[in-house]
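The values are calculated or read from the model by the stated rules, or taken from the named source; none is laboratory data. A quick note: this is a predicted structure, and the numbers were derived from the prediction, not measured. Counting neighbours? That spans all protein chains shown, and the Cβs are built from the backbone with ideal geometry, glycine included. With ligands, DNA and RNA removed, areas are computed over all heavy atoms of the protein, side chains included. Shrake-Rupley method; radii C 1.70, N 1.55, O 1.52, S 1.80 Å.
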Amino acid sequence: MKEGPHSAHWGTFFARFDGAAISVRPHPADPAPSPLLYNLTNAIRHNVRVPTPMVRRGWLEHGPGPDDRRGNDEYVPVSWDRAIGLVAREIGRVRDLHGPQAIFGGSYGWSSAGRFHHAQSQVHRFLNATLGGYVRSVNNYSAGAAMVIMPHVLGRLDDVARRNVTWDQIVGHTEVVLAFGGMAVRNTQIASGGISQHTEREAMRKAAERGCRFFCISPLRPDLPEEARATWLHPRPGTDTALMLAIMHVLVAEDLHDRAFLDRYCSGWDEFEDYLLGRRDGQPKNPAWASGITGIAAATIIDLAHLLHGKRSLVVVSHSLQRSEHGEQPVWMGVVLACVLGQLGLPGGGYNYALGTLAHYGKRDVAVPISALPQGSNKIDAFIPCARISDMLLNPGGEFDYNGRRYRYPHARLAYWAGGNPFHHHQDLRRLREAFRRLDTLIVHEIAWTATARHADIVLPCTMTLEREDIGGTSTDSLMIAMHRIAPPYAEARDDYDIFADIAEKLGGRAAFTEGRSSRQWLAHLYEPTRAALEKRGDFAPDFDTFWELGELRLPLGEDNGGMLRAFRADPASHPLPTPSGKVQITSPAIASFGYADCPGYPAWLESTDPPTRAYPLYLVANQPATRLHSQLDFGRTSIQSKRGNREVCRIHPADAQARGIADGDIVRLYSARGACLASARITDEVMAGVVQLPTGAWYDPDDAASDNPMCIHGNPNTVTRDIGTSSLAQGCSGQLTAIQVERYDGPLPEVRAHQPPRIATGDGA
Ligand SMILES: Nc1nc2c(c(=O)[nH]1)N[C@H]1C(S)=C(S)[C@@H](COP(=O)(O)OP(=O)(O)OC[C@H]3O[C@@H](n4cnc5c(=O)[nH]c(N)nc54)[C@H](O)[C@@H]3O)O[C@H]1N2
Ligand SMILES: Nc1nc2c(c(=O)[nH]1)N[C@H]1C(S)=C(S)[C@@H](COP(=O)(O)OP(=O)(O)OC[C@H]3O[C@@H](n4cnc5c(=O)[nH]c(N)nc54)[C@H](O)[C@@H]3O)O[C@H]1N2
Ligand SMILES: [Mo]
């Protein structure tokens, strides 16, 4: 087939299919294309793709119901006709017996880029169109705590993360960047919906060359690139709020804080100051105090405070800091620190949540709308914070706290997942297995045999991105891409859209779901608002067919105007923040009124309930993988090349390795009170002592699928993480940090089979 334009969450490119493999050519406008592009090359015809609809034998023979064989059963291939019939009948059964409030359709996950074939939107639209609703999930795994705390304190998350300080402002103005959690260029390979130019490394190089000083405050040195010429500070993981407090203590004690800013723009300073100075609890949060908690010398903290004073400074708090127990606190404390420095709303200064964690932050917004597939309306009230999935399935009817109210978990009998991989994203996989075994039925659409597909009752094979047409675009990228079909669908795989349309037909909802449009007609429909807005501005506004032929369209960008915070600074009376006081909430009477011990009404240092102990003395950092997006295409070339002997690689400090008799390249066992996994050890002083880093994304591969708590022999860190909410306020994911132990593994080494299909029955299940 001929070469065509395409787009992924990790870049814009041209691709060609030769009947077996894909060759890719990065978009020439991208100054630093992502190596993740090469994951696509061998993936498309890989043996681990799901070729036909599959039904788990136990479910086929015994019907729906809780079943311990999930995750340890064989699959029976069936025809599409039969699969569609089984799914429609089962949805109908659960609806008739229990109503749509028994169907969980949260279906968290990133799936692939493209405005139309966005699997999560497709499944939501399908359930709304056919059932009138479903149990949904709120927030996400990325920013679960920040999404809930931020509106109490400053405003909408997007206004603090996306439309705020840009990289251009940093290049031009910033003098000091405190990057809590770093700004790893490994992570800015990715932007949800696509990214045509990777520019962060170059921006940091330019800023550093002008004299901007970067501080990489993180357990891993490479969390800022060499180009930033950063100073590396490594507080103990999970202790950043204590470090922030001590910096503020120095500034306040020496009267270097911006009192005028605090008076004019903030609410609740005096109460917070009592806490900071220890007037209430007798413990000043000074450098000596913080030094004991963080491991950073008091003198270093004092020097840092002095350096910050009077400078154009930017406080950045990465997503990772809040994907942790009490994750709300560093997000809030970072805001307070920026206010004490008086920098909020200045060009290149103040506070920018999550800058440098994804490529759509720090950019300008496009000036025209970009459509998404409408999801319809959901008439069911029941919901869960997305990371409470196991809790819901294990405690139907049980109570949970969330953002000031108490709710009950619905009793979900059927879960429908398309475009996500809970065996990637969720914590404590032993518990998740147990939870999924309680369901009547788990239905999954997948391109490949992920562990989630291997626990499903019905697996419907869907096309992957290169096998269908779509529109690539996102609100912070100036290129809209006509994503051409590069290859025919694998085996019998079908588009999620066509699968849902056929099931909707059986349930009497086809017209509501499709509105009579083919996929191509949907693309033209979704394109139209962008075209109309371009025309209205007098810009080049080609019709859909011309756009399709051109392959891409350059979109105009909006101003770099600093957004909500700049406007607030300029005129707080006419541009108040959307908080109760209209100002920055240094304290929050609303949160205080909730009465949560794990999230009080002021930002505070709260100790972990799972600190390292003698039994589990190390901190595991389970962060984002450099060589793939989450678990996607773990079997792709770039991902495979980063493994050793097919196992995921963890990084450990020389001192910790030596104390355990671990040599570079040894296989190690990482374990906690929850479970264990194997990984190959790389010894490096790029990671601080006391910390082991294992990225997420290696597909769960149990050594013994029949056992109650198998070990993952491939290196999935969620075997050891804790399944607890960040706090009663947000109930976010807290998978980033876990207390663990590591030992050299001298036992038998089973072959990694994660990228081979499960047991599949021969013969015909037609
Ligand atoms: N311990 C720990 N856990 C974490 C994190 C952490 O830091 N530590 N990070 C968390 C974060 S930030 C996130 S965002 C989550 C990510 O969690 P997920 O978003 O669930 O992870 P992905 O691997 O992107 O899952 C997407 C799935 O969709 C499939 N897919 C791709 N295209 C299509 C399609 O067109 N149709 C269908 N039906 N399926 C498709 C892919 O094969 C893949 O299995 O993980 C979270 N989990
Ligand atoms: N290549 C690649 N890029 C990605 C993704 C991917 O899967 N692959 N996923 C994307 C997604 S969905 C998201 S949400 C973002 C996530 O963005 P983040 O959550 O910020 O990314 P992580 O890599 O999990 O964490 C960043 C760093 O935080 C540091 N860290 C961990 N705990 C602490 C702590 O307590 N204190 C301090 N100071 N530092 C700490 C770790 O060293 C880690 O490397 O990344 C995005 N970018
Ligand atoms: Mo994320």
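With protein chains left intact and a 1.4 Å probe, residues in the range 618-744 average 28 Å² of accessible area per residue.
Measuring nothing but alpha carbons in the range 618-744 and taking Rh as the Kirkwood radius, the Rg to Rh ratio lands at 0.96.
Across the range 454-603, the volume of the C-alpha convex hull divided among the residues equals 254 Å³ per residue. A straight chain from residue 406 to residue 29 at 0.36 nm per residue would run longer than the Cα-Cα distance by 130.7 nm. In the P(r) worked out for the range 675-738, what percent of Cα pairs fall beyond 16 Å? Within the range 675-738, distances greater than 16 Å cover 56 percent of Cα pairs. Normalising the average separation of contacting C-alpha pairs (under 8 angstrom, six or more residues apart) by the number of residues puts the relative contact order of the chain at 21 percent.
Normalised by the number of residues in the range 660-738, the average gap of Cα pairs under 8 Å and 6 or more apart makes the relative contact order 26 percent. Taking Cα centre as origin and charging only the Cβ of basic (Lys, Arg, +1) and acidic (Asp, Glu, -1) residues, the dipole magnitude of the range 618-744 rounds to 220 debye. Roughly what percent of Cα-Cα pairs across the range 1-138 reach past 19 Å? Taking all Cα-Cα pairs of the range 1-138, the fraction more than 19 Å apart is 68 percent. With contributions of -39500 (n - 2.57) from each DSSP H run of at least four residues, the per-residue ellipticity at 222 nm computed over the chain stands at -8500 deg cm²/dmol.
Ligands, DNA and RNA left out, the 1.4 Å accessible surface of the range 236-334 is 49% carbon and sulfur atoms.
Distance between the pseudo-spin-label points of residue 377 and residue 506 (7 Å out from Cα toward the beta carbon): 2.9 nm. A straight chain from residue 581 to residue 16 at 0.36 nm per residue would run longer than the Cα-Cα distance by 197.8 nm. About its Cα centre, the dipole of the range 540-608 is roughly 560 debye, where the only charges are +1 on Lys and Arg Cβ and -1 on Asp and Glu Cβ. Sorting the segments 455-467, 136-148, 652-664 by their mean number of nearby beta carbons within 10 angstrom, highest to lowest, gives 455-467, 136-148, 652-664.
At full extension, residue 655 and residue 47 could sit 214.8 nm farther apart than now, given 0.36 nm per residue minus the alpha carbon distance. Relative to one another, the C-alpha centroids of the range 185-229 and the range 343-382 are positioned 19 Å apart. On the principal axes of its alpha carbon atoms, the range 114-248 extends 58, 36, 26 Å, with the longest extent given first. Take every Cα-Cα pair in the range 61-175 and report what % of them are more than 20 Å apart. Here the long-distance tail beyond 20 Å is 66 percent of all Cα pairs in the range 61-175. Summing charges over neighbours of residue 136, with a neighbour being any other residue whose Cβ is under 13 Å away from its Cβ, gives +2 when K and R count +1 and D and E count -1. Of interest is the spacing of the C-alpha centroids, which for the range 579-635 and the range 237-276 amounts to 20 Å. For the chain, the alpha-carbon radius of gyration amounts to 0.93 times the rule-of-thumb value 2.2 N^0.38 Å expected for a compact globular protein.
With a simple spin-label model that places each label point 7 Å from the Cα along the Cα-to-Cβ direction, the separation between residue 492 and residue 756 comes to 2.4 nm.
Rounded to whole numbers, the Karplus 3J(HN,Hα) couplings from phi for the range 492-507 are 9, 4, 10, 5, 3, 4, 5, 4, 5, 4, 5, 5, 4, 4, 5, 8 Hz, using 6.51 cos²θ - 1.76 cosθ + 1.60 with θ = phi - 60°, and x at Gly and Pro. Between the C-alpha center of the range 698-725 and that of the range 403-443 there is a gap of 16 Å. For the range 223-287, the spread of Cα coordinates along the three principal axes comes to 40, 28, 20 Å, biggest extent given first. Protection proxy ranking, highest mean first, for peptides 267-275, 509-517: 267-275, 509-517, where packing is the per-residue count of other beta-carbon atoms within 10 Å, averaged. Summing charges over all other residues whose Cβ lies under 12 Å from the Cβ of residue 628, with Lys and Arg as +1 and Asp and Glu as -1, gives +1.
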